[in-house]
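So the structure is just underneath, and the comments pick up after that.
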Amino acid sequence: MITSLLDRSHLAVPDRIAAVIATSAAEVDMLASTYLVDYSQRRLVPLNPIAATSPPEPQDVDGTVGGRSFRLVEVLAGRHVGGREHLWLPIIDGVERLGVLHVGLPVGTSIDDGPTRDQLRWLAHLAGHLIASKSPYGDEFHQVRTAQERTVASELIWSLLPPLTVAADGLVISGLLEPANAVAGDVFDYAISHDVADVAIVDATGHDLRSGVIGALALAAYRNSRRRKLSLQASMELVDETLLDFGSHSYATGIFGQLELSSGVFRYMNAGHPSPLLLRAGKTVRSLDAGRRALLGFSGPPKAHAEEQLEPGDWIVLYTDGIPEARDEERNFFGMDRFINVIERCAADRLPAPETLRHIMQSILRHQHGTLQDDATLLIVQWAGGGELQLNAC
């Protein structure tokens with residue numbers, strides 16, 4: 001099955017990947033349906049259904065077995081149908097959650113059969129890599145994952161973002177932004193090497209196409225500076241110069257940080273942005289208020305970076321002001337207390353970083369009855385000091 005999938009995938013265009021997966025599974029008498037999560041992470045949508053007579057139905061991320069498999073990155077048993085036992089398997093690329101695979105096992109095969117489960121785990125991992133690698137070559141996956149039409153500004157931002165979640169030894173970085181279809185000026189980025197993890201979050205002024213362009217320019221300048229190995233101070237100065245060249249009133253807030261992976265020293269600079277939160281043992285111990293300078297897009301006197309010594313297991317939570325300032329119809333803020341409470345409850349439940357972000361965003365959307373009035377972006381950095389981090393629930 002695995003070699004068949006590899007052989008069939010080389011020349012397959014994106015909208016044939018689901019068929020390739022199903023055909024390869026059928027060669028060993030398995031039934032396979034592929035689901036991708038929408039960008040708002042609320043629904044699992046079937047990708048290019050094969051059986052025209054009974055196409056798979058979308059699955060809610062909350063309240064279904066398939067959704068639970070996606071949320072907790074676990075293999076879960078489904079219903080026993082037509083003499084076959086069924087499994088739901090998370091589809092991941094590295095550690096980024098892309099969707100789920102629903103598989104009907106060969107008649108008479110138990111879900112507890114070890115070799116079969118290993119084979120399916122490889123199938124799901126390979127499906128994740130194929131979906132991620134084929135995604136730039138067509139629009140099929142994007143169309144399936146887009147619940148509402150995107151604005152041009154949102155299309156620009158999403159085209160620039162890195163994968164939402166990445167992990168390395170002792171490190172997890174995960175980001176999320178809403179509204180998925182209309183985000184304008186919020187961006188984030190990261191890069192990991194053997195000794196340093198670089199992270200950044202930027203919130204451009206306004207909420208229109210110009211905001212998206214400002215955010216894109218800030219992100220491009222940041223990546224350019226990072227690849228030239230400039231210091232944090234020099235990186236921010238390059239962003240300043242880039243936005244000044246673009247024109248007047250091209251401003252943004254932002255935080256640039258560098259984490260030494262061996263020591264846990266976190267260096268950062270803050271350009272008018274909300275202070276990051278530091279979580280230790282699942283509790284918010286303080287905000288990181290130092291390292292401040294003027295907004296991005298202003299030239300001014302040089303400022304020094306700040307440093308924070310992390311302990312194994314610490315979280316750094318970066319966010320834009322659309323999180324605490326989200327208002328309900330009575331103009332009540334979501335607020336920092338509620339924000340911190342949701343984070344700490346997720347930490348206590350040992351949820352993976354991407355699921356923590358999804359919980360926070362769902363809480364904010366409920367507070368605003370499903371419609372955000374401003375971009376809301378989150379970026380979580382978890383450092384374990386060489387230890388293991390929770391990528392899926394216990």
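The values are calculated or read from the model by the stated rules, or taken from the named source; none is laboratory data. All values derive from a computational prediction rather than experimental measurement. Quick reminder, even Gly has a Cβ in these numbers, built from the backbone with ideal geometry, and neighbours come from all protein chains shown.
Looking only at the range 326-369, count every residue that is closer than 19 Å to LEU177 by Cβ, assigned to a helix (DSSP H, G or I) and small (Gly, Ala, Ser) and tell me the total.
2
Could you tell me which of the residues HIS125, HIS194, HIS207 is over 15 Å from the mean Cα position of the chain (by Cα) and in the same structural domain as ASP60 (by TED's automatic domain parsing)?
Values: HIS194 fails: in the same structural domain as ASP60 (by TED's automatic domain parsing); HIS207 fails: in the same structural domain as ASP60 (by TED's automatic domain parsing).
That would be HIS125, the only listed residue that is over 15 Å from the mean Cα position of the chain (by Cα) and in the same structural domain as ASP60 (by TED's automatic domain parsing).
With respect to THR377, determine if the residue is crowded, with 21+ Cβ neighbours inside 10 Å and not in a helix (DSSP H, G or I). Even if it seems obvious, please write down each step before you answer.
Numbers: crowded, with 21+ Cβ neighbours inside 10 Å: yes; not in a helix (DSSP H, G or I): yes.
Yes: the conditions hold for THR377.
Take ALA221 and decide whether it is among the hydrophobic types (A, V, I, L, M, F, W, C), over 23 Å from GLU308 (Cβ atoms) and buried (at least 18 other Cβ atoms within 10 Å of the Cβ). Before you say what the answer is, go through the steps one by one.
Values: among the hydrophobic types (A, V, I, L, M, F, W, C): yes; over 23 Å from GLU308 (Cβ atoms): yes; buried (at least 18 other Cβ atoms within 10 Å of the Cβ): yes.
Considered against the rule, which asks whether it is among the hydrophobic types (A, V, I, L, M, F, W, C), over 23 Å from GLU308 (Cβ atoms) and buried (at least 18 other Cβ atoms within 10 Å of the Cβ), ALA221 comes out as yes.
Residue under question is SER275, and the condition is that it be assigned by TED's automatic domain parsing to the domain that holds PRO352, hydroxyl-bearing (Ser, Thr, Tyr), assigned to a loop (DSSP other than H, G, I, E, B) and over 22 Å from the mean Cα position of the chain (by Cα); does it hold? I'd like the intermediate steps shown before the answer.
Details: assigned by TED's automatic domain parsing to the domain that holds PRO352: yes; hydroxyl-bearing (Ser, Thr, Tyr): yes; assigned to a loop (DSSP other than H, G, I, E, B): yes; over 22 Å from the mean Cα position of the chain (by Cα): no.
The answer is no for SER275.
Which of the residues that make up the range 290-334 are closer than 17 Å to ALA271 by Cα, touching a strand residue (DSSP E or B) at 6+ places or on another chain (Cβ under 8 Å) and of a type in the set (Phe, Trp, Tyr)?
TYR319
So which residues in the range 232-271 are in contact with a His (Cβ under 8 Å, 6 or more places away or on another chain), of a type in the set (Ser, Thr, Tyr) and either loosely packed, with under 15 Cβ neighbours inside 10 Å or under 19 Å from ALA184 (Cβ atoms) (or both), if there are any at all?
Residue satisfying the conditions is THR253 alone.
Within the range 167-225, which residues are in contact with a Leu (Cβ under 8 Å, 6 or more places away or on another chain), polar (S, T, N, Q) and closer than 22 Å to VAL37 by Cβ?
SER174
So which residues in the range 131-152 are of a type in the set (A, V, I, L, M, F, W, C) and out of contact with any Asp or Glu (no Cβ under 9 Å at 6 or more places or on another chain), if there are any at all?
VAL152
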